[in-house]
Amino acid sequence: MLSDLDRIRRQTPAVAQLIHFNNAGASLNPDVVTEAVMAHLQLEQRIGAYEAAVVADAHIENFYKAFAALLNCQPSEIGWAENATHAWNSVFHAVALLPGDRIVTSQSEYASNYLALLHLARLRQVHIDVVPNAANGQVCLERLERALTGNVRLLALTHVPSQSGVVHPAAEAGKLARAHGILYLLDACQSAGQLALDVDALGCDMLTGTGRKYLRGPRGTGFLYVRETSLQRLTPEWVDMHAAQFTGPHTYRLRDDARRFENWECFVAGKIGLGVAVDYANAIGMDGIEKRVRELAACLRDMLRENPAITVHEAGSDLSGIVTFSSAAQTAEVLHKRLLHKGINTSVVRLRNNLLDLGQRSLGDLNRASVHYYNTEDEIALFCEAVAQR
Ligand SMILES: Cc1ncc(COP(=O)(O)O)c(C=O)c1O
């Protein structure tokens, strides 16, 4: 299906009007996703929302099946969340921690995750160890292995950071975590939908992500994965009548699947839409998507490097569809706005939100252009021309 790029682009109407290089922010929904969301909202309007959920039960359940196919796991290991931050916090706060326990993370951890770690360290007197990146931008595996000793209860890593196109060696980290019997939480918010993911190969116990980025789902949607054999080591911080069931007036039992991390109320139309988006990605094929995204991003980096005023910040060779760069001629903000004015969507990575990583690399605000498989080489050429203009 990826061979029929024209069809894919016709199913993504906005590409006729603009160049969308902000897929790491939110990518464009294919027609089928928008239609599925609208159809469910209209059904809710026609017959009532609770009644619509009963009628649409198979479409809602498809969410779990689609993600199980995407991640190579069981539908019972998948849970819904309203976004990646909520998904991550639901499973993170389920890890049993005592004062003095340690959590290991990396320099590239997503800013909101790192804030949650710092907050918990303050509340519960746990220690956070931040493993630095090696010269190629990936987390240093030797330092990571040395950090995974003693009373470490959790390894929390981000697969593809928001602020850099580096792909971290998540599977190698998984082997280390497993060897030490340490729970491993992988933030796959930027990798899901652009890289082929297999939770067995990654070796993670928990994995979290969002719908609107590379998965091309609706905003306000997210997901989590929890390995069945790790579930008993995780106790949700809060439960409702969906996550647990009364066994008597004063007793209850937690669900025995990943839905113990869900709330009963949710954005049903969005859940259906995200399931459709994941089906769409699965039908195209994640291996092909990954290959094309990596090739397009490599092409973009090469063309940007031809401009002497531009510095591309990704080092190393394991890189994703996220390209970060700076211009000697314009601030990140000015360049971003100028591109927007020309119908080119990009984003700015802000130092103030990424002090841990950008501070370490002595960088300021950066421009970020993130490509998806529906982008083209022609768009890349037009983009580089626009960057070069004043
Ligand atoms: C790596 C990473 N993790 C988590 C998030 C948070 O996602 P959400 O806004 O859906 O909570 C983002 C968002 O940019 C991200 O890039």
How high is the relative contact order of the chain, in percent, with contacts defined as C-alpha pairs under 8 Å that are six or more residues apart?
23 percent
Extension reserve of the residue 74-residue 302 stretch, reckoned as 0.36 nm per residue once the Cα distance is removed:
78.1 nm
With 10 angstrom as the radius, rank 80, 264 by how many other C-beta atoms surround their C-beta, starting from the fewest.
264, 80
Suppose the chain between residue 233 and residue 125 were pulled fully straight at 0.36 nm per residue; how much longer would it get relative to their current alpha carbon spacing?
36.8 nm
Using a/c under 1.5 as the rounded threshold, could you call the range 117-211 rounded, prolate or oblate? The axes a ≥ b ≥ c are square roots of the C-alpha gyration tensor eigenvalues, and prolate needs a/b larger than b/c, oblate otherwise.
rounded
Helix-only mean residue ellipticity at 222 nm for the chain, each DSSP H run of n ≥ 4 adding -39500 (n - 2.57), per residue, nearest 500
-11500 deg cm²/dmol
Mean Cβ count within 10 Å, highest first, over the residues of peptides 98-107, 279-288, 47-56:
98-107, 279-288, 47-56
From the square roots a ≥ b ≥ c of the eigenvalues of the alpha-carbon gyration tensor of the range 1-55, which class results: rounded (a/c under 1.5), prolate (a/b over b/c), or oblate?
prolate
Taking the highest mean first, how do the peptides 128-136, 193-201, 163-171 order by number of other beta carbon atoms within 10 angstrom per residue?
163-171, 193-201, 128-136
In nm, what is the difference between 0.36 nm times the number of residues separating residue 390 and residue 196 and their Cα-Cα distance?
66.0 nm
Most packed first (mean Cβ within 10 Å per residue), the peptides 305-316, 85-96 order as 85-96, 305-316
Size of the dipole of the range 32-283 about the Cα centre, Lys and Arg at +1 and Asp and Glu at -1 on the beta carbon, nothing else charged, in debye to 20?
480 debye
Where the centroid of each part is defined by its Cα atoms, how far is the range 1-41 from the range 189-241 in Å?
23 Å
What percent does the relative contact order of the range 226-360 come to when contacts are Cα pairs within less than 8 Å and at least six residues apart?
12 percent
Label the chain by shape, choosing from rounded, prolate and oblate, from the square roots a ≥ b ≥ c of the eigenvalues of the Cα gyration tensor; if a/c is under 1.5 it is rounded, and otherwise prolate applies when a/b is larger than b/c, oblate when it is not.
oblate
Given 213/342; 65/213; 271/342; 213/271, which pairs have Cα atoms separated by over 25 Å?
271/342
Percent antiparallel among DSSP beta bridges confined to the chain, nearest 5, equals 55 percent
FRET E, pair residue 172, residue 3, Förster distance 30 Å, beta-carbon r, rounded to 0.05:
0.35
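Quick note: the coordinates plus some simple rules give every number you see, no bench work behind them. Please read all numbers here as calculations on a predicted model, not as lab measurements. Cβ atoms come from the backbone with ideal geometry, glycine included; neighbour counts cover every protein chain shown.
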